[in-house]
Amino acid sequence: MIDISFEINGRKVSPRNMSNALEAAVLQSVQESIKKTVGSARCPTHGQTPKIKVKGRKVDSLSFEVSGCCDQLIETVKKKLK
Ligand SMILES: [Zn+2]
């Protein structure tokens with residue numbers, strides 16, 4: 001399973017423990033769509049799964065930060081997220 005984390009305005013958050021229900025719902029849906037698009041991504045060379053950090057100043061201006069074992073995996077994931 002891929003590793004998805006969230007950072008809003010410099011603070012680590014989770015869709016499950018946000019005080020704002022609307023923001024929690026936004027993050028939840030982002031998480032679901034990432035799982036759908038790259039949930040099965042795995043590096044063919046190293047067998048590793050990617051880590052994705054979703055970050056932004058607010059939940060409506062998010063960007064993705066992808067990390068993984070090698071550039072090939074990172075590029076594959078980035079393409080899928082677009
Ligand atoms: Zn790799």
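Just so you know, all these numbers are worked out from the coordinates, no wet-lab data involved. Keep in mind that this is a model prediction, so the values were computed, not measured. Glycine also receives a Cβ, built like all others from the backbone with ideal geometry; neighbour counts cover every protein chain displayed.
What do you get for the angle between helix 71-81 and the principal long axis of the chain? Use alpha-carbon atoms, 0 to 90 degrees, nearest ten.
Here the helix axis deviates by roughly 50 degrees.
Per 10 Å bin, what percent of the C-alpha pairs of the chain does each bin hold, from zero upward?
Here the calculated profile for the chain is 19, 50, 25, 6, 0.
Based on other C-beta atoms within 10 Å, arrange Lys35, Lys82 from fewest to most.
The most exposed by this proxy come first: Lys82, Lys35.
Give the distance, in whole Å, between the Cα centre of segment 52-82 and the Cα centre of segment 1-33.
Using only Cα atoms to place each centre, the spacing works out to 14 Å.
Take every Cα pair under 8 Å in the chain that's 6+ residues apart, average their separations, divide by the length, and report that relative contact order as a whole percent.
That works out to 33 percent.
Exposure proxy check: Met18, Met1 ranked by fewest other beta carbons within 10 Å?
Ascending Cβ contact count within 10 Å gives the list Met1, Met18.
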